[in-house]
Amino acid sequence: METVGGYKIIRRLGAGARAEVFLGHPGSDPAASLVAIKMIRSGVDQRSIDDEVGVLARMSSPHLLGLVDLATAPDGRPCLVLPRLGGASLARLLADRVTIEPGEAVTILTPLCEAVAALHETRS
């Protein structure tokens, strides 16, 4: 099993244009919390990586995941270690349901709007 910065890679969670995200476990303690390890793709602008790390390190919002750690992949790529949230995703909820009630929409959208506002405040 591959490790990154002391975190054991368990499996791939997903990928986007900038990074691949893996489920990781910090060391040998079975009670330790799982993490999401975001491995930045080669060729991503260093300034944008620095900006992302800076925002994650400075932000303070109950609706956003903060930076747990920074690591380096075996091939030298930077990795951001974030808390891993369990449970169902919003994408899964929307895929499984034909409609959602107005109250559910408010319950979903309010923290999302607050998270975006917190990001904008941190970015300023």
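What number, in percent, do you get for the relative contact order of the chain if the mean sequence gap of Cα pairs under 8 Å and at least 6 apart is divided by its residue count?
On the way: 165 pairs, mean separation 25.6, N = 124.
Worked out over the chain, it gives 21 percent.
I'd like the per residue volume of the convex hull spanned by the Cα atoms of the chain, given in cubic angstrom. Don't skip to the end; give the middle numbers.
Numbers: hull volume 16.2 nm³, N = 124.
Cα-based convex hull of the chain, divided per residue, equals 131 Å³.
For D51, D96, what's the largest-to-smallest order of accessible area, 1.4 Å probe?
Details: D51 60, D96 105 Å².
Result, largest first: D96, D51.
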Calculate, in nm to one decimal, what V116 and S33 gain on full extension: separation in residues at 0.36 nm each, minus their alpha carbon distance.
27.3 nm
How much accessible area per residue does the chain have, counting only protein heavy atoms and a probe of 1.4 Å, in square angstrom?
64 Å²
Output the direction-averaged projected area (hull surface divided by four) of the convex hull of the alpha-carbon atoms of the stretch 17-74, in nm².
5.1 nm²
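Tell me, what % of the accessible area of the chain is carbon and sulfur with a 1.4 angstrom probe? Don't jump to the answer; show the numbers that get you there.
Numbers: 4540 of 7930 Å².
Of the solvent-accessible surface of the chain, carbon and sulfur hold 57 percent.
Within 15 Å, Cβ to Cβ, of C79, how many net charges do the neighbouring residues add up to if Lys/Arg are +1 and Asp/Glu are -1? Show your work: numbers first, answer last.
Numbers: positive: K8, R12, R18, K38, R41, R77, R84; negative: E2, E20, D50, E52, D69, D75.
Local net charge: +1.
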Sorted peptide list for 35-47, 102-114, 6-18, criterion being average Cβ within 10 angstrom, highest first:
35-47, 6-18, 102-114
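So, R0 is 25 Å and r is the distance between the beta-carbons of A17 and L65; what FRET efficiency does that work out to, to 0.05? The partial results should precede the final answer.
Numbers: r = 20 Å, r/R0 = 0.78.
Efficiency, rounded to the nearest 0.05: 0.80.
The values are calculated or read from the model by the stated rules, or taken from the named source; none is laboratory data. Note that the coordinates shown come from a computational prediction; the quantities given were computed from them, not determined experimentally. Virtual Cβ from ideal backbone geometry, glycine too; neighbours counted across all protein chains shown. In case anyone asks, the SASA skips ligands and DNA or RNA and just uses the protein heavy atoms, side chains included. Shrake-Rupley method; radii C 1.70, N 1.55, O 1.52, S 1.80 Å.
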